[in-house]
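In what follows, a structure is listed as structure tokens, so that the remarks can point back to it.
The values are calculated or read from the model by the stated rules, or taken from the named source; none is laboratory data. Everything numeric here is computed off the predicted structure, so don't read it as measured data. Reconstructed Cβ throughout: ideal geometry from the backbone, glycine too, with neighbour counts over all protein chains shown.
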Amino acid sequence: LLPGWRRFGGLAGQRLALLGVLGSLPAVTVGLYLYLGAPGILEEQALTQAQARHDADGMVSALEDKLKSTPDDAEGWYALGRAYIAFERYADAEEALRKASSHAPKNAKLIAQYAEAMALRSGSFAGRPQELIVEALEIDYEDDKALELAGLSAYQQEKWAESLHFWRRLLKKLPRETEQYEAISQAVKIAERKVEAASGLGERAKLSAPEPTKAPH
């Protein structure tokens, strides 16, 4: 989950925000090691949280250098953008993911990640981030990141039923007994309570079904 859930309001202090922060650095480190072709290092040392931060700094620098000679590498820019997000370097993440999506304009994963970086920098999904989320869903209605962000964007707009729709759809795809499954489960429960409260107050506008983007493939 994105480290900046807490930046978007309404979910501050919830467990799902903590799960995203605690899990981000080791995952980024492993991904960078594998991308740079050094998986053997993973077998030789334990990736504690402190080690992960130190190692990831070096891997980020190595990836930055590598991309100077391979600037058309969409997956490389994607890996770098995710690392920047983990370190809360949101402006750098936005630029890296802009390059990733420009080199792979039909890749829903990259487009959704670009939307995340833009939203983290501005603190809102309004405008271009929301457009990118819709674009990602039109390409792949089952993309995990697009579904996650669509739910979060709807939640930010107090469209409780819409956020519930996207998060429930995502939850069905996730493996159980994982941190992401637990986090989205918590998000679903929060959205369900919001729907119940809105229904009790008669706020029917907040209970409308989401507008379709494109028929799922």
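Tell me which of these ALA96 doesn't satisfy, since it passes every other one: (1) in contact (Cβ under 8 Å) with a residue 60 or more places away in the chain; (2) more than 30 Å from GLU196 (Cβ to Cβ); (3) not hydroxyl-bearing (Ser, Thr, Tyr).
Answer for ALA96: the failing condition is (1).
Out of segment 102-125, which residues are within 16 Å of GLU148 (Cα to Cα), out of contact with any Gly (no Cβ under 7 Å at 6 or more places or on another chain) and of a type in the set (A, V, I, L, M)?
Answer for segment 102-125, where residues must be within 16 Å of GLU148 (Cα to Cα), out of contact with any Gly (no Cβ under 7 Å at 6 or more places or on another chain) and of a type in the set (A, V, I, L, M): ALA108, LEU110, ILE111, ALA112, ALA115, MET118, ALA119.
Could you tell me whether any residue of segment 148-156 is in contact (Cβ under 8 Å) with a residue 24 or more places away in the chain, among the hydroxyl-bearing types (Ser, Thr, Tyr), closer than 27 Å to ARG98 by Cβ and part of a helix (DSSP H, G or I)?
Yes, because at least one residue in segment 148-156 is in contact (Cβ under 8 Å) with a residue 24 or more places away in the chain, among the hydroxyl-bearing types (Ser, Thr, Tyr), closer than 27 Å to ARG98 by Cβ and part of a helix (DSSP H, G or I).
With the checklist (1) closer than 25 Å to TYR90 by Cα; (2) modelled with pLDDT under 90 in hand, flag the one item ASN107 doesn't pass.
Of everything listed in (1) closer than 25 Å to TYR90 by Cα; (2) modelled with pLDDT under 90, ASN107 misses just condition (2).
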